[in-house]
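The structure under discussion appears below in the form of structure tokens.
Laboratory data are not the source of any read-out in this text; all were calculated from the coordinates shown. It should be emphasised that the depicted structure is a prediction, and the values quoted were computed from it without experimental measurement. Virtual Cβ from ideal backbone geometry, glycine too; neighbours counted across all protein chains shown.
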Amino acid sequence: MQPFPGDLIFEGRQGQSVRFTGYKSKKNIFVDDSNNGKPLLIISNGQESVGNGYDHIIEDIDKDSSSIYLTSDHKIKLTQSRDKYDSLNRKPKKANEYKGSQVLINSGRLIFNSKEEDINFTSNNFFSVSGKKSD
């Protein structure tokens, strides 16, 4: 992992990492003048290979197998798998355009399972769901 000043990074041998970051540096693509000193937590699993095992890499929400980003005032360049909101009067900002406090979860498949009680979703604004039409 590419360390940035002030970071705390935990790494596993198979491409797992947890990064606590938030300070601006030349190589920190997540922090700029507007959010310098604001916390960002990245949990990543299954990162791309660097080949020789010695070169530094930075997390990539689109390329890592599974990841969770907890932001306070950051813009994360997530490519949404679908962004069709034709039925909405006002479309939400795309994931890669939004800057602020958010949680981004990205993986090949997501399961939300409640073993004992409920799953509740609430929203101060719109709540939308989009998916591919099945054949």
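Here are a few things to note about the model shown:
- Structure-derived semi-axes √(5λ) of the Cα gyration tensor in Å: which label, when the choices are (i) 18, 18, 16; (ii) 29, 19, 15; (iii) 39, 32, 13: (ii)
- Taking 0.36 nm per residue of sequence separation and removing the Cα-Cα distance, the LYS63/LYS132 pair yields an extension gain of 22.7 nm.
- Efficiency of FRET from Cβ geometry, ASN113 and ASN52, R₀ 35 Å, rounded to 0.05: 0.30
- ASN96 versus GLN80: modelled label distance in nm, points set 7 Å from Cα along the beta carbon direction: 1.2 nm
- Sorting ASP83, ASP7 by the number of Cβ atoms found within 10 Å of their own Cβ, with the fewest placed first, yields ASP83, ASP7.
- Neighbour net charge for GLN16 - beta-carbon separation under 14 angstrom, K R +1, D E -1: -2
- Each peptide among 36-45, 12-21, 87-96, 124-133 gets the average number of other Cβ atoms lying within 10 Å of its residues, and from highest to lowest they stand as 36-45, 12-21, 87-96, 124-133.
- Over 32 Å between alpha carbons, listed pairs LYS26/LYS133; LYS27/LYS133; LYS75/LYS133: LYS26/LYS133; LYS27/LYS133
- Proximal charge balance of SER67 [Cβ under 9 Å; K/R count +1, D/E count -1]: -3
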